[in-house]
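All of the numbers you see were taken from the coordinates with simple rules; none came from a lab. The structure presented is a predicted model; accordingly, all values stated were derived computationally and were not measured. Cβ: placed from backbone, ideal geometry, glycine included. Neighbour counts: every protein chain shown.
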Amino acid sequence: MDNIITYSAQNYAEALFESGQTFSSDLELISTVMTTSADFMHIMSNPAIDLNVKYSILDEIFKDKIDEKVLQFVKILTEKNRLGEFEQILAAYKEKVNDENGVKLVEITSAIELNEDFKTKILNKLSEKLNKKIVPEWKIDREIISGLVFKIGDDVVDTSIRNKVESIGKNII
């Protein structure tokens with residue numbers, strides 16, 4: 001959830017999203033190939049390799065495994081030298097799909113492991129406040145001492161003791 005999504009990645013994700021189909025599994029497959037094969041990314045980003053050779057490689061790997069629109073989309077990214085932004089594009093695309101489906105990803109950090117009842121109460125309250133289904137990512141950071149830190153998109157709500165102590169310290173100086 002710490003991805004910073006560029007404007008161009010947002011635009012590419014929007015273009016794919018507006019096609020009206022869900023391509024999440026196809027995009028995940030491409031992401032897996034990209035992250036597990038350094039050779040693949042080296043070849044695809046090498047300007048000395050002819051574009052038609054790159055297209056042939058993409059066809060060899062993905063033809064009949066992903067939707068034709070997604071394959072064409074990856075070819076466009078390759079042609080425009082934007083394949084390096086694929087993870088950002090994927091993150092932006094997932095955000096758009098989640099928004100469409102009323103889902104919000106929330107990173108919740110606590111100082112200790114929370115019990116399931118407390119987690120459920122937190123999720124219910126967040127869901128009620130945001131009017132969305134919440135998909136949490138639970139984290140533990142003992143340095144916050146106590147309280148919770150919520151990261152919702154670019155917004156952070158910090159109710160931790162560490163934050164309060166730091167705030168007091170800034171006001172004293």
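Structure above, values below:
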read-out	value
Whole-Hz ³J(HN,Hα) from phi, Karplus 6.51 cos²θ - 1.76 cosθ + 1.60, for the stretch 13-18, glycine and proline x	5, 4, 4, 5, 5, 5
DSSP-defined antiparallel bridges as percent of all bridges, the stretch 102-172, nearest 5	55 percent
For Lys139, residues with placed amide H under 5 Å, excluding near neighbours	Ile108, Thr109, Ser110
Likely footprinting exposure, Arg82, Arg142, fewest C-beta neighbours within 10 Å first	Arg142, Arg82
Beta bridges per DSSP with both ends in the chain, % antiparallel, nearest 5	55 percent
Karplus 3J(HN,Hα) series, Hz, for the stretch 93-108 with 6.51 cos²θ - 1.76 cosθ + 1.60 (x for Gly, Pro)	5, 4, 4, 5, 5, 4, 4, 4, 9, x, 10, 10, 7, 9, 8, 10
Under 5 Å, built H, 5+ apart or other chain: amide partners of Leu105	Val135
Local electrostatic count, Leu51, Cβ distance below 11 Å [Lys/Arg +1, Asp/Glu -1]	+1
Under 13 Å, Cβ to Cβ, from Lys119 - net charge with Lys/Arg +1 and Asp/Glu -1	-1
Cα-derived Rg over Rh, computed across the stretch 1-93 with Rh taken as Kirkwood radius	0.93
Calculated [θ] (222 nm, deg cm²/dmol) that DSSP helices of n ≥ 4 give over the chain, each run adding -39,500 (n - 2.57)	-17500 deg cm²/dmol
Size of electric dipole in the stretch 38-115: Cβ of Lys, Arg +1 and of Asp, Glu -1, about Cα centre, debye, nearest 20	180 debye
Neighbour-count order for Glu107, Glu60, fewest beta carbons within 10 angstrom listed first	Glu60, Glu107
Subset of Lys63/Lys96; Lys132/Lys164; Lys69/Lys125; Lys80/Lys151 violating a 31 Å alpha-carbon distance limit	Lys69/Lys125; Lys80/Lys151
Phi-based couplings in Hz for the stretch 28-37 (Karplus 6.51, -1.76, 1.60; Gly and Pro marked x)	5, 4, 4, 4, 4, 4, 5, 7, 9, 10
Ascending count of other beta-carbon atoms within 10 Å, so fewest first, for Lys119, Lys80	Lys80, Lys119
